[in-house]
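Taking it in order: structure first as structure tokens, then the write-up.
The values are calculated or read from the model by the stated rules, or taken from the named source; none is laboratory data. What you are looking at is a predicted structure, and each value in this text was computed from that prediction instead of being measured. Here Cβ is always computed from backbone atoms with ideal geometry, including for glycine, and neighbour counts include all displayed protein chains. Only protein heavy atoms, including side chains, enter the accessible area calculation; ligands, DNA and RNA are left aside. Shrake-Rupley method; radii C 1.70, N 1.55, O 1.52, S 1.80 Å.
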Amino acid sequence: MKAARVQESGKIVIEEVPVPVLGETDVLIRVHRAGICGTDVGVLHGYIPAKLPVTLGHEFSGTIVKLGKPGLGGLREGSAVAASGGWGCGVCELCQKGLDPFCKKRVSLGRNTDGCMAEFVKVDYRVVYPLPSNVSLDEGQNLVNLACVVRGAQKISSFLGKTVAIFGPGNMGLLMLQLARMAGALQAVMVGTRDFRLELAKRFGANHVVNVRRENPVQRILEWYPGGVDIVAEATGIASSLPDCIEVLKGQGAVVSLGIFSGKIKDFDPSFLYYKEPTIYGSKGGHGAYGMALELLGEKKFEILPMITHRFPLEETAKGFKTFEDKVENALRILIQPVP
Ligand SMILES: [Zn+2]
Ligand SMILES: [Zn+2]
């Protein structure tokens, strides 16, 4: 089968590799849609740890081709499915306590095991989720990110009647915005760098948007909300955004950080811990939130399709990554499509 792989940092090659061999607990899935995520870009360039060579990708939808043994997990061959981007060993102390994301033996697609930018991917049956019959493969490809924003949002006690600022109108930030409005947020602000994405944010319910290329987000947000906002979601993955998140936060407000940060914060001043009494949540992956994410997808609560801007066949994976990395103005969710 063909796979988009990284042999050495910075370079994607399309290679012919064997179809994965299944163990008893594995499921072989034909990949239809694979989304490019910032984490994949980090793996490609070596600033997110990975075991090379590796097939890229961890967010996808597809159809089951083969089960490791008949009836495995109640799954059926031919079913349309999506899956989590990784899984814990299931037996260590952390996994036993439901802390799978922190399992020391965690398997992560596209990082320490071959990912989904290939014709087929092998996944543990425990993290394979059949899609509701009314959910398409185009919608299902975003299940991982939906679960991530649900997990992140669940850390905040309530959005009801609250003001929310979201930094980063990428795939994750725009899903978070939709979820915040759904959960009863009174007002929402989106902070970003591309007008195309900020326009989408308005469509998804943002009351205000700030383009940081033209305006200072802290100044603007504090003009609209002089006391600060109740909740900030950080979805840029850029470390220098965090001080701004704190700056616009109301006393006793909450920050939830959704991505993996790249870079460091210079002149970090922790005195805000005293002055603002903030609650700061990290949120790693979508563990425990897949059930609700599937229900929300089935209820058609999210606008997923308008976020898909580019599609590339597997052979053009490198072109897809370039479109992502070049920050092309109208690019948002970029899909690799091993099956057209
Ligand atoms: Zn991802
Ligand atoms: Zn474990």
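With an a/c value of 1.5 or above and a/b not larger than b/c for the gyration tensor axes a ≥ b ≥ c computed over the alpha-carbon atoms, region 1-104 is described as oblate.
For residue 69, go through the aspartates and glutamates and keep the ones whose alpha-carbon is under 20 Å away, minus same-chain ones fewer than eight residues off. In chain and number order, the partners are 24, 26, 77, 124.
Using a 1.4 angstrom probe with every protein chain in place, what is the largest-first accessible-area order of 157, 241, 262? Display every interim value, and only then the final one.
Values: 157 115, 241 15, 262 50 Å².
Per-residue accessible area, sorted high to low, gives 157, 262, 241.
Highest average first, the peptides 144-153, 130-139, 199-208 ordered by how many other beta carbon atoms sit within 10 Å of their residues are 144-153, 199-208, 130-139.
For region 1-72, the relative contact order works out to 41 percent when only alpha carbon pairs closer than 8 Å and six or more residues apart are counted.
How compact is the chain by the rule of thumb for globular proteins, expressed as Cα Rg over 2.2 N^0.38 Å?
Relative to the 2.2 N^0.38 Å estimate, the chain comes out at 0.98.
My understanding is that a pair violates if its Cα-Cα distance is over 32 Å; which of 2/264; 2/202; 11/266; 155/264; 264/327; 51/319 do that in this structure? Could the numbers behind the result be given before it?
On the way: 2/264 37 Å; 2/202 40 Å; 11/266 30 Å; 155/264 25 Å; 264/327 21 Å; 51/319 23 Å.
Pairs exceeding the cut-off: 2/264; 2/202.
Solvent exposure of region 120-162 amounts to 36 Å² per residue of accessible area, where only protein heavy atoms count and the probe is 1.4 Å.
Apply the a/c threshold of 1.5 to the C-alpha gyration tensor of region 248-340 and tell me whether it is rounded, prolate or oblate. Before the final figure, lay out each step's value.
On the way: a/c = 2.84, a/b = 1.61, b/c = 1.76.
The shape class here is oblate.
Using a probe radius of 1.4 angstrom, the carbon and sulfur fraction of the accessible surface of region 74-219 is 49%. For region 164-250, dividing the convex hull volume of the Cα atoms by the residue count gives 77 Å³ per residue.
Counting Lys +1, Arg +1, Asp -1, Glu -1, what net charge surrounds residue 338 among other residues with beta carbon under 9 Å of its beta carbon?
Details: positive: 2, 30, 33; negative: 119.
Summing Lys/Arg as +1 and Asp/Glu as -1 gives +2.
Where only DSSP H runs of four or more residues are counted, the chain gives -7000 deg cm²/dmol as its mean residue ellipticity at 222 nm, each run worth -39500 (n - 2.57).
Computed about its Cα centre, the charge dipole of region 188-303 is approximately 300 debye, with only Lys, Arg, Asp and Glu carrying charge at their Cβ. Label-to-label distance for residue 155 and residue 199 is 3.3 nm, based on points extended 7 Å past Cα in the beta-carbon direction. Overall, region 138-233 carries a charge dipole of about 100 debye about its Cα centre when +1 sits on the Cβ of Lys and Arg and -1 on the Cβ of Asp and Glu, all other atoms neutral. Taking a point 7 Å out from the Cα of residue 211 in the direction of its Cβ, the residues of region 305-327 whose backbone N falls within less than 18 Å of it are 327. Charges were assigned to the Cβ only: +1 to each Lys and Arg, -1 to each Asp and Glu. The resulting dipole of the chain about its Cα centre is roughly 220 debye.
Remark: relative contact order (the chain) = 18 percent; criterion is Cα-Cα distance under 8 angstrom and separation of 6 or more residues.
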